[in-house]
1. For A108 and S87 in the same chain, what is the full-extension length gain: residue separation times 0.36 nm, less their Cα-Cα distance, in nm?
2. Take the range 23-90, drop everything but the C-alpha atoms, weight them equally and run the Debye formula without solvent; then report log10 I(q)/I(0) at 0.21, 0.23 Å⁻¹ to two decimals.
3. When Lys and Arg each count +1 and Asp and Glu each count -1, what net charge do the other residues less than 14 Å away from W43, Cβ to Cβ, add up to?
4. Summing Lys, Arg as +1 and Asp, Glu as -1, what charge do residues with Cβ under 13 Å from the Cβ of L126 carry, L126 excluded?
5. Testing the spin-label approximation: label points 7 Å from Cα along Cα→Cβ at F27 and V155. State their distance in nm.
6. Quick one: if the Förster radius is 45 Å, what FRET efficiency do V49 and V78 give, using the C-beta to C-beta distance and rounding to 0.05?
7. Accessible area, 1.4 Å probe, largest first: how do H20, H89 sort?
8. Across the range 1-137, what fraction of all alpha-carbon pairs, as a whole percent, falls in each successive 10 Å bin from zero upward?
Amino acid sequence: MIPDFLLPEWVPNAHPLIVHFPIALIFVAIAADALALWLGERWETGQEVATGLYAATGLSAVVSYYSGTWAIDTVSIVTPGAAQTLSAHSFWAWYTMVSTSGYALLRAAGLFIPWVRTRRAAHLVLLLLGLGTLVPMHETGENGGAMVYKRGVGVTRTQEIPAPSSPVPDSTRRDTVQQDTVQRDTVQRDTVQGPAPAAGSSSPGAGAP
């Protein structure tokens, strides 16, 4: 879908770069829709703006879903747990694509029905339906995150922990130990041999007849 030379080296495919667009857009669309409901006639184009954002959400969900189906061929699924998580992620992604794109079509059709545009009760019902699209999107993201952070799917490189470096020898401690050793050896030698005779002294009995 996207040439490899355009992708960062840390991603195996374009899906991680695309999947966050529908997540961000749906929250912006719901916020704009709620603001349009609150302002009413004071924001004449509020419903059109919200509908456009819903349409962008649905379109990005379609692109995200199909980028995910192509991404499966670029990663390794080696455990039953990863395969189960992938299956759940694919199911909820398909449901997200259908719900968001279908809801965008519903909102677009509502722009051409006068009583839907003018009645705040109808607008409130549509807003609640829009909030309902967050459920499959949440499940899709939950299983997608579990694939990467729990199952390790698509992870191509892990962090390398540097080997612990050998401690630098303490020259001060080494010199102190050597001095203590020399002093201890001197004391032991003097204890065994006795003190050296003073200069000019003679041994006992010297000069005796």
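1. Working: separation 21, 0.36 × 21 = 7.56 nm, distance 3.18 nm.
That works out to 4.4 nm of additional length.
2. -0.84, -0.92
3. -1
4. Summing Lys/Arg as +1 and Asp/Glu as -1 gives +3.
5. 2.5 nm
6. Numbers: r = 46 Å, r/R0 = 1.02.
Efficiency, from the Cβ-Cβ distance: 0.45.
7. H20, H89
8. Going out from 0 Å in 10 Å bins, the range 1-137 shows 12, 37, 26, 16, 8, 1 percent.
The values are calculated or read from the model by the stated rules, or taken from the named source; none is laboratory data. It should be emphasised that the depicted structure is a prediction, and the values quoted were computed from it without experimental measurement. Reconstructed Cβ throughout: ideal geometry from the backbone, glycine too, with neighbour counts over all protein chains shown. Remember, those area values only see protein heavy atoms, side chains included, never the ligands or the DNA or RNA. Shrake-Rupley method; radii C 1.70, N 1.55, O 1.52, S 1.80 Å.
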